[in-house]
Structures are given as C-alpha cells and as structure tokens.
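Single-structure report; data block below.
The values are calculated or read from the model by the stated rules, or taken from the named source; none is laboratory data. Since this is a predicted model, take the numbers as computed values, not measurements. Quick reminder, even Gly has a Cβ in these numbers, built from the backbone with ideal geometry, and neighbours come from all protein chains shown. Remember, those area values only see protein heavy atoms, side chains included, never the ligands or the DNA or RNA. Shrake-Rupley method; radii C 1.70, N 1.55, O 1.52, S 1.80 Å.
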Amino acid sequence: MSTEESNAEIRLSILGMRCAGCVSAIEGALAIVEGVTSVSVNFADHSAIIKGRADPDSLKQAAKEAGFDAAVMEGFEDPAEQEEQELQRYRKLMKKAAVAGAFGAFLMFSEHFDWLPEIGSATGQWLWPEIALITLSILIYSGWHFYSGAVKSLSLGQANMDTLIALGTGSAWLYSCIVIDYSDTLPALAKHAYFEAAVVILAFINLGTGLETMARGKTSSAIRKLIGLQPRTARVVRNGVEMDIPIEEVGLGETLRVRPGEKIPVDGVLLEGHSTIDESMLTGESMPVEKSIGLEVVAGTMNQTGSFLFQATRIGRDTALAQIIKSVRQAQSSKPEIARLADKISSVFVPAVVAISFLTFLVWYILGPEPSLGYAFVTSMTVLVIACPCALGLATPISVMVAVGRAAQSGILIRKGDALQTAGKLTCLILDKTGTVTDGKPTVSTIEASGVYTQEQVLQLAASIESGSEHPLAAAILKAANNKQIKLNKVKQFEAVAGFGITAQINEQLVAFGNGALMDAKGITFAKYNDRLKELSALGQTPMLLAVDGNIAGIIAVSDPIKKDSAQAVQRLKNQGLRIIMVTGDNQITAHAIAKQAGITEVRAQVLPQVKTAIVKELQDQGEIVGMVGDGINDAPALAQANVGLAIGTGTDVAIESADVVILQGSLLKVPEVIELSKATVINIKQNLMGAFFYNIISIPVAAGLLYPLFGVLLNPMIAGAAMAMSSVTVVTNANRLRWKKFGESE
C-alpha cells in the first residue's frame, strides 16, 4: 500500500451512538474492514475518521452490522443545515420527554392524592390494565430508540447505555404488569406498580439527551464558523465578462474579481488592484493586512476596502481554509492518552453494572425486609438506570473538541490531541531565531569593500552567488541588489555548504561567500577583519565575508530585528516556569545580541540545522519535556523530535506535517497561549473525569441501597434517571467553559 493510499481519509457520520460503549463497538467493527489502517471515533460529535483505502460502502455495512447507521461526509456541510438538523433532533427529544413526563406526572399526582383505585379492586381490575397499555404505548414512542439499540447490541454480544435503560424501564413495566395479574398472590406491601417510574425515567433521559445535544452543538460552533467562512459563489472573469458561478465550478488559474465587503472564495495571488483584508477568523490577528500585486490572498478572509483581481492558485480541498478545517477535525477526533483510559473503563462498565444490578437483586431478595421482592426489584432497577457511562465517555472528547475549536479561533491550529495534553507539561522551550524570535525579513545593513573592489562590486558578486540560494539572508541581498538595479553575473559550479556559506565560479574567478568557518575551510586568511566582524555582530547584525580567488573582497552584514512582541512572549514563557533556549546557526556575538534584546539568557549559536535535533534529544535525555518552536521547514526534524513541535506558519502555510501545533501568524505570544490552553484543557478533562467517576462511585452504592440500613433511605428510580441525565449535561456544560477561556488569565 502506498503512503498516499494509507493516508487516504474517509469521514463518516455515525447515527445511533448513545454512550461511550458504542465507541469501542464501532471502532472494532470498522477496524476489521479490508484496507483500513486506523480508525478514530469521536463520541462528542458522532463521527469517525477512517484512514486507508477502504471502500465506503463496506464501512457503512460494517457499521450497520454493528448496530449503527453511517453516512459518508463529503466536502463542507452547510452550517445552517447542520444547525437545523440538531434543532430538529432537539425538538423531537423534547416532544418525547414531554409526552412521557406529562403521563408520568399524572400517575404520580393520582397516586399521591389517592385518585387511582387499589390494584386488585373491582375498579382497579379494568383500570390498571388500561394504564399498562397506555404506558406501553408511551414507552414505545418515547423510548423505542433505546429498546431497538439494546436488541441490536445484544445480538452482537455487547452491552451499552441502551441496555441499561431498556432493562431498567422494561423491567419496571413488566414487574408492574405481574403485580396487576397476580395481585391476589402477592403480599399487600408488594402490590405497587412502577408505571410512573418507567415513563418518568424516559422523560428525564430524553430531556437530558436533548439538553446535551444543544450543548454539544455549541462545542462545534468554531468549526461551523470556519465552514461558514467560504462563500457559496465566486465572481470569475471569463472572456472579459464577469459572472457569478458556484464555488465548486472555479478552476485553477482562473481570474476572479472581489469587491469591497465580499469574502475571498479561493486562495490566489493578486493580479490587479490594492486592498486591505481582514484575516482575523483564520489567523486571530485583528489588524487588517494590506495586499498589493503579487501577494497571496486566502479563502474565507474578508475584503475590506478596494476591488481587485486575483488568480486562483488553490481550490476546493486544497485551500488553506479547507486544510485548517481538516486539521481541526482530525485534532478533535484524536485521543490524548488520558482519553484512552476512559475508553477502556467504559468498554467494561456496562457489563459490570448489569452484574452489580443482578447481585443487588439477590441480596435484597434473600436478606431484605418484606416485601423483599419489591425492594429487590426497585434497587436493582435504580442501579441500572443511574449507572449509565455517558458522562465518562464524554469527559475527554468534549473538552478536546471545545479546546481545539477555541484554539482555531485564536489562530492556533492544534493538529494532534496528545499535543493538547503535553504542551502544559513542557519544562523547556527551544526557540529558533530567524522568523521565530526575529521578523524573518532580514535587510542588508552594512556593505564594506576591501582592496580594489567597490561596494557596488561587492554587492554584485554577493547577489550573483546568492541568486541560486533559498536562504532568508540571500533574499535580503538580492533585494538590495534589485533596489540598486545591479545586473547579476552568471554563476558556474554553484555549491552550498549548509551552515557555512556558498562557493561558485563567476567570471572565471573562484568566489566564496559565508562565515569565518567557510573561509577557514577554504584556507582564506581573514584575521585582520575579526575586530570589525565582532563590532557588527555586537550590533545584532550577521556579517558575511566575500572572498575572490582566496582574498577578502568585502563584508556584507544583514540585520533581522526581533519581533515587537518577542520580549513580552519570552517573559510570559518564563513566568510559566519554562527554561528558554535560543538556537541559531548565527555566530555567537550576533546570537547573544539578539537574545539579550528578547530577554533570553541561554543561547546555542553556530548550530547546523541537523544538530538542532540532537540538542532536543540531549535535553530530553536530561529529563526535560521539550517544546520546539521553528518555521516548520528547516526545523522539521527538530519539530518532530520534540515532545511538542510548534511551527510558526502563516494562513497559507498550514500543511506542516512535522509540527503538532501550527501558529497561523508570526506572533510568538501564541506559544504561551498554547501552554495556557493545554493546562486549562487538562484541568477541565480531569474535572469531567473526576465528576463522572465520583458520580458513579457514589451513586451506584446509594442506588443499591447502601443507606437503607443506616437511615432507611432508598433512592427513587425516577430521581436516578434525572441524576443520570444531568450528569452528562454537567460534563458538556463544564467543557463549554473552555470556549470563553481568556488567555493571560488563570483557569
């Protein structure tokens, strides 16, 4: 199987998931389909991401055989349509809750005020069977999805939340019918029907599921906003005529018109005009960005002032917006280590609860007071109803979903769930210099000539030899030459020496351009220039020597000022207790000058690109949990080696495979935000898990009747149903607090 095939991705919407037990069932069913390499099921948004070359129909069939319906999710779902579907589901659940609740309330009040005849009386012999039939019809209307789910689950040898609810409410109805039919043979104290308990339990569970649906819908509001950014139509220019067409029909290389106040439909490059673009929804940067001819524009961003023409360079799933949405979804579906523990517990939880319920029944039936059968039934039913593992299953994925969405709104793209858990544990952070601490847009600050050469000749030779290089410093030298309209010479035998410089032949002369190490390697003497090199380095400039035929011809120094917020970001990182190290290929003096401006005291200079990975590993061997911040291209191996790799990217450069986190703008201040969000998310997950565990640890013994011998207290099954439903709502509500997380504040 090729890498491309193994990484192919299918996203399924899973219908019928109601508890964490469903997750393992679906993952197991999909994992054995031919061609599947990995499966990740997200209980929070009822979806599955499958990687490999599996046939979609085979996947849907496997899901169906496991008791779930599935549909392939392609392209961008319409946010309005999604919200409407969720609203319809909410209304349906509320209607089911209302019907069951109304009849349950009627039965409760009737029994409380003695409006109903006794079971076994002349009137009761015809009225109670009528009540049983009405109750059955309501159970079918309000709880059919639970009963059918339980049957499917049982046919596969599995147990889930549906199993508990079906057993609890079904046994309540069945027991009540037995009481009616055999009232003459039962003790007086056991003659009690539990029809009201069965319907009220369903009322509470449907109510809780409805509230959970609405709350869960809010967790994916961030991704819905991202999807909603892309306009449905685009204005293209064909044969000189402007026309509006559906976004799907835009082709690569087409010319498009964008007017003031319109969203940009696809990624492209400006051909004509000038404007300012609001990129805040993609990068989190509130200040509009000026765009002129030759600059990139990104799908989903908002044009503010001018009208312009641009050429489409990326369309459909290749746009930056599509890549961001894909990455956010993957991160929301990924499982940090803490989630795997919850999944393992949930997979064995339901069978354990059924066993506890059966044991509870036996204990009360054998040892309980009269009517022992009634007590045994009530306690075992209460255990079944109260112990649903929904809250446990939701505890982690719901927090991850909210946190990843919150990060995306701030221009932080979290690509892996583990990074969300690990970032808050970092003890050491390595910062690349160029483009991370500094602007990454160096400019020529000094040109000095030596011997027979002029400054213009020095710049001409340096620019000529750098014309084949992609190094950021090369761009600065070429720009300086272009500004002075200097014509470049032809270059032969070009050779780039990583971390040292470049050699080539120009006009039959051997030219070397780079640092002192390159000159030493070529046997070129430059001792008399050492003082000047140190002076320039102390000013924060990067000096480079130019040699022609073994003699120094001049010096060119390039400066790359630190970003305006680097010092503030470094201070915030220090306040978070992190050890900060700047690593650069620059010389010691320049590196320390830049580090001093940023407030960094620990520096590793003159480091070759391949050595950065070794530095990360060295620190890890010392027991540090290491984060690496770089540009995502030159620093790819170090980013991959680090416990958390953070790539400083742009709105158009989002597919950085080696990074765990991509920061969609150049601000280093986003790094402490990632760490804050990580800590807040882990705290939130732990709160959810502790709440869910505490709920079950306390509720199951109470439901089983632990308090009865001490205080004479038994938990009502209806209260158990309400408690179970509200436990899930509580978890979802707590997770949604992350949506309002303000960076710079404690959790």
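Here are some notes:
- The chain - mean residue ellipticity at 222 nm from DSSP helices (-39,500 (n - 2.57) per run, n ≥ 4, rounded to 500): -16500 deg cm²/dmol
- Remark: region 131-136, residue by residue, has Karplus-estimated 3J(HN,Hα) of 4, 4, 5, 4, 4, 4 Hz, where x stands for each Gly or Pro and the curve is 6.51 cos²θ - 1.76 cosθ + 1.60 at θ = phi - 60°.
- Straight-distance candidates among the lysines for linking to LYS95, with alpha-carbon spacing under 26 Å and chain neighbours fewer than 8 residues away dropped: LYS152, LYS218.
- Listed by chain and number, the lysines whose alpha-carbon sits under 24 Å from that of LYS441, ignoring those within fewer than 8 places in the same chain, are LYS291, LYS433, LYS479, LYS484, LYS487, LYS534, LYS563, LYS564, LYS596, LYS612, LYS670.
- Surface calculation, 1.4 Å probe, protein heavy atoms: ASP114 sits at approximately 130 Å² accessible.
- Label selected from [x] 29.7, 95; [y] 26.0, 85; [z] 33.7, 125, the criterion being Rg and Dmax of the Cα atoms in Å as computed here: [z]
- Cβ-based net charge around GLU448, under 15 Å, with every Lys or Arg adding one and every Asp or Glu removing one: 0
- Region 685-747: trypsin sites (Lys or Arg not before Pro) in DSSP coil with no more than 13 other Cβ atoms inside 10 Å: LYS742
- Sulfur and carbon atoms: percent of accessible area, the chain [1.4 Å]: 57
- Under DSSP loop assignment and at most 14 Cβ neighbours within 10 Å, longest chymotrypsin sites (Phe, Trp or Tyr not before Pro)-free interval of the chain: 183-747
- Among 9-18, 397-406, the order from most to least packed when residues are scored by Cβ within 10 Å on average: 397-406, 9-18
- Surface per residue (accessible, 1.4 Å probe) for region 84-206, Å²: 51
- Violating pairs (Cα-Cα greater than 31 angstrom) within the set LYS51/LYS574; LYS416/LYS617; LYS617/LYS679; LYS64/LYS686: LYS51/LYS574; LYS64/LYS686
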